[in-house]
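Okay, structure first, notes after.
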Amino acid sequence: MTNLNSVSVEYDEKDPRKLKIAKTISTFTNPPIICIPLFLIICIVLASKGTPFTPSFSFDWGLFAICEIISLVFASALPMAIIVFWAKKLNTDSDISNREDRFAPLIIGTASYFIGFILSWLLNLPSFLTVLLLCYTTNTFIVMLITTKWKISIHTTGLSGPVAALIMLLGPIGALFGLLYPILIWSRVTLKKHTMAQAISGGVLGFILTVVETFLFLSLFGLKVNNIVPLKECLWIIFAIVACPIVLGLLGLAKKRGFESLILRKTFHLFAFLGFAIFYFYAPFSATTILILTGIVSILITIYAGESFSWYKAISRGLNHEKMSILISLICGVAWIIIGISLFTVEATVISSLIIGFVGAIAEPVSIMFANHKFEMDSLLKNKGNKSIEGSIIALIITMIILLLFTQNLFVSIAVGLAVCLIETFLPKELENLIIPLVAAVILGFLLHY
């Protein structure tokens, strides 16, 4: 039987309101339930031709009806029926929380999806639905094999499968449903149904397997789906959805194993801005948008979860107004990203984001751990803390190194470096995520026309 005690140690929530919210989220995201509205959207898309609200648009009601019946029966009704039956038979909860008890429902669920695949194939339904049901068959079988050794989250796997399908059909619009992923992770960990690793892994597995298998099966069977989002863009979007929860999960684990809070929160700060810079420079803009939105949702659910949640422990500073401090930093960071994307070139935005990422991650730890010439920092929230001359010099050096690497212009490097150094020294800590990159981008635009 799976040991759930480790989950209670990881996050032991006592607030009845939060527990009720977590239970509600978990209930409505149960795989056979969440797939009802998501498959409904999939079937609507598959039955539609042309651009909506234009004369060329048409809707095949007959095709929609048969697709919806097949998906409703074999992806929802039958799997739900076996879950209810098996839970009653074993006199256990509706989640069938004991890992060893999940084998039979997963076997029957695999068979149900496979029957749906066969019927879809025989009825010559849209190739995408046919292949998706085959993906469900394969993924459920893989989850069953994993469950024999480890209690991977079926909830997050069940969410990620249809969301991955919507990403392939609708791109970033479909990916918006993926914003439920960090919320569902919190729900499952809060209810002590899974460890953080199990909750995160279920989603990662479902997203990647569904997309890769869909393109693989379409290729193997020689099937064609019109207007499907390219594989590369799908993978970028998936990475955007899972990146922040994975980083927060790893940092939470590091905190549990004794790593310093200062190092962990600055690591997250670095990953946040470095991740944005990489996505903005290399990835489709749709993936960058989803990365930003998923990051916002992940931080907000972290703030809501509070002090006992491992993500919160990983990014907290031990301040008197901790939640407000995190929220202001988030708002400033997002404000910079929006301004950077809207007003500055890609190069200026990327360089400035790298500057705030590395300066913020290195200057403060130097000030706290190694500096000899410290002074009290300004804070909008009257939080106590120190900055240092050494930290400001480090900010100058880091900025100059980054600019020399990108511009090979010593004058610009010195000008921006001095500006960042002064801002880091005198600006209230909470505003750095906005003001430092904004000033850097303005100077780059003025001196180099970036």
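Coordinate-derived values only; no laboratory data. None of these values were measured; they are calculated from a predicted model. Neighbour counts run over all protein chains shown; Cβ positions are idealised from the backbone, glycine included.
Tilt of helix 61-72 relative to the longest C-alpha principal axis of the chain, in degrees (0 to 90, nearest 10)? For 61-72 against the chain, the angle is about 80 degrees.
Take each peptide in 53-62, 136-145, 22-31, count the other Cβ atoms within 10 Å of every residue, and average; sorted highest first, the result is 136-145, 22-31, 53-62. Over the chain, dividing the summed -39,500 (n - 2.57) contributions of all DSSP H runs of at least 4 residues by the number of residues returns a 222 nm mean residue ellipticity of -24500 deg cm²/dmol.
Axis angle, to the nearest 10 degrees, between helix 127-147 and the longest C-alpha principal axis of the chain: 80 degrees. When the listed pairs LYS193/LYS266; LYS192/LYS224; LYS193/LYS255; LYS151/LYS313 are checked against a 32 Å cut-off, the alpha-carbon distance exceeds it for LYS192/LYS224. Candidate cross-link partners of LYS89 among the aspartates and glutamates, defined by an alpha-carbon separation under 19 Å and a same-chain spacing of 8 or more, comprise GLU100, ASP101. The order of the peptides 315-326, 168-179 by mean Cβ neighbours within 10 Å, most packed first, is 168-179, 315-326. Counting only alpha carbon atoms, the long axis of helix 180-190 and the longest principal axis of the chain meet at about 90°.
The overall shape of segment 143-297 is oblate: from the C-alpha gyration tensor, with semi-axes ordered a ≥ b ≥ c, the ratio a/c is 1.5 or greater and a/b is no larger than b/c. For segment 408-420, the Karplus equation 6.51 cos²θ - 1.76 cosθ + 1.60, evaluated at θ = phi - 60°, returns couplings of 6, 10, 5, 4, 5, 4, 5, 4, 5, x, 5, 4, 5 Hz by residue, with Gly and Pro reported as x.
For a 4.7 Å threshold on C-beta separation, the list of partnerless cysteines in the chain reads CYS35, CYS135, CYS234, CYS244, CYS332, CYS421. In this structure, the amide hydrogen of SER388, modeled 1.01 Å from its nitrogen in the peptide plane, lies closer than 5 angstrom to those of PHE375, counting only residues at least 5 positions away or on a different chain. Using the Cβ-Cβ distance between LYS14 and LEU145 with R0 = 35 Å, the FRET efficiency computed as 1/(1 + (r/R0)^6) comes to roughly 0.45.
Here the Karplus curve 6.51 cos²θ - 1.76 cosθ + 1.60, taken at θ = phi - 60°, turns the phi angles of segment 75-87 into couplings of 9, 10, 4, 5, x, 5, 4, 5, 5, 5, 4, 5, 5 Hz, with x standing for Gly and Pro. The structure-derived value of percent of Cα pairs over 32 Å apart appears in the list (1) 59; (2) 46; (3) 39 under the label (2).
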